[in-house]
Amino acid sequence: MAKLIGGIGTSHIPAIGGAIHKGLQQEAYWKPFFDGYPPVRDWLAKTKPDVLVVFYNDHGLNFFLDKMPTFAVGAAQQYVNSDEGWGIPSLEPLRGDLDLSWHIINTLVEKEFDVVTCQEMLVDHACSLPLKLFYPEGNYPVTVVPVCINTVQFPLPSAKRVYAMGKAVGEAIKSWDSSKKVAVVASGGLSHQLDGERAGFINKAFDLQFMDSLLTNPEWATQFSVLELVEKTGTQGIELLMWLAMRAALTVGDGSSVRKVHSNYYIPISNTATGLLALETV
């Protein structure tokens, strides 16, 4: 069976792409952010995952306010990047893994999750930027299964529901008849609000408590309603739901304990609290 080797949570701010394109990684504003990634790259180089299952939120490419599924899973041969993250002139399409995609979809449906299946799917910075940060040289040595979670249009899924979905994805990965190694990725967050009366809102104390909880008490954030999480993290900070799904996937069966490989937290980038957390199953 496939081996679930760990998970990574990362922010996906569009301006990151512009900073990469312009070579700003060593500038004072950006350096603390980019300096967080070499240990994660080292871990990926050591563990060599074959597939990344990416929990992320679509920003209007496939779904918009008039039709917004709660959960959607990609089942395509490739995923074309149609949002360069404010600056990367072009990115190669991400290679899909059809066998794992369909296994995840079938498992989720069997477990009574009503998912949208996407045999064609565009991806934006939320899906493509993590790979650019993990593999800055390009030529990504992994295939990808995108799993889209609605954090844009109410009603949003509850933290408990997202956690249960993430756990079901973990069960699917571990029951996949393959010798491949799989890592799960959460793309989004942490606390931020980009508009309205609370524009610029960041909650460092909650962010750090949330990151710590993913090690010691992964279900901690499921005690909060969606509205409570929005109040604590900001309108866009609700993207932490992706981190819950990632962590839940690592709680399944044997090897469900984790150790922290690396973490980083830096504020602010584009009025956003950026987080990075890599976990390895043990």
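The values are calculated or read from the model by the stated rules, or taken from the named source; none is laboratory data. Bear in mind that the values here come from a model prediction, so they are computed numbers and not experimental data. Virtual Cβ from ideal backbone geometry, glycine too; neighbours counted across all protein chains shown.
Values as computed for the structure displayed
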quantity	calculated
Selection count where residues are out of contact with any helix residue (DSSP H, G or I) (no Cβ under 8 Å at 6 or more places or on another chain) and either crowded, with 17+ Cβ neighbours inside 10 Å or assigned to a loop (DSSP other than H, G, I, E, B) (or both), scope segment 247-282	8
Count of residues meeting criterion [more than 20 Å from L44 (Cβ to Cβ) and in contact with a strand residue (DSSP E or B) (Cβ under 8 Å, 6 or more places away or on another chain)] in segment 212-234	2
Failed criterion for W243 (all others in (1) within 22 Å of L156 (Cα to Cα); (2) in contact with a helix residue (DSSP H, G or I) (Cβ under 6 Å, 6 or more places away or on another chain); (3) among the aromatic types (F, W, Y) hold)	(2)
Any hit, segment 175-184, residues being among the aromatic types (F, W, Y) and outside any loop (DSSP other than H, G, I, E, B)	no
Flag for A76 being part of a loop (DSSP other than H, G, I, E, B) and among the small types (G, A, S)	yes
Search result, residues across segment 216-235 that are at pLDDT 95 or above and either β-branched (V, I, T) or outside any loop (DSSP other than H, G, I, E, B) (or both)	W220, A221, T222, Q223, V226, L227, E228, L229, V230, E231, K232, T233
Breaking point among (1) of a type outside the set (S, T, N, Q); (2) within 19 Å of L241 (Cα to Cα); (3) crowded, with 17+ Cβ neighbours inside 10 Å, for K160	(3)
In segment 54-73, the residues that are crowded, with 20+ Cβ neighbours inside 10 Å and β-branched (V, I, T)	V54, V73
Complete set of residues in segment 197-212 that are under 21 Å from H12 (Cβ atoms) and either part of a helix (DSSP H, G or I) or modelled with pLDDT under 95 (or both)	R198, A199, G200, F201, I202, K204, F206, D207, L208, F210, M211
Residue in segment 11-19 that is touching a strand residue (DSSP E or B) at 6+ places or on another chain (Cβ under 9 Å), under 24 Å from G170 (Cβ atoms) and in contact (Cβ under 8 Å) with a residue 40 or more places away in the chain present	yes
Options S158, S128; residue that is of a type in the set (S, T, N, Q) and within 15 Å of the chain's Cα centre (by Cα)	S128
Residue match in segment 178-199 (condition: more than 12 Å from M242 (Cα to Cα), basic (K, R) and in contact with a Lys or Arg (Cβ under 9 Å, 6 or more places away or on another chain))	yes
Whichever residue in segment 122-156 is among the β-branched types (V, I, T) and touching a Phe, Trp or Tyr at 6+ places or on another chain (Cβ under 9 Å) and, among such residues, is farthest from Q78 (Cα to Cα)	V152
Matching residues, segment 14-50, being outside any helix (DSSP H, G or I), surrounded by 15 or more Cβ atoms within 10 Å (Cβ to Cβ) and out of contact with any Phe, Trp or Tyr (no Cβ under 9 Å at 6 or more places or on another chain)	W30, P49, D50
Selected residue (criterion: modelled with the highest pLDDT) from residues of segment 79-108 that are among the polar types (S, T, N, Q) and assigned to a loop (DSSP other than H, G, I, E, B)	S82
Hits in segment 193-246 (condition: over 22 Å from G166 (Cα atoms) and buried (at least 22 other Cβ atoms within 10 Å of the Cβ))	G234
Residue that is farthest from the chain's Cα centre (by Cα) [pool: residues in segment 51-67 that are in a loop (DSSP other than H, G, I, E, B) and not acidic (D, E)]	L65
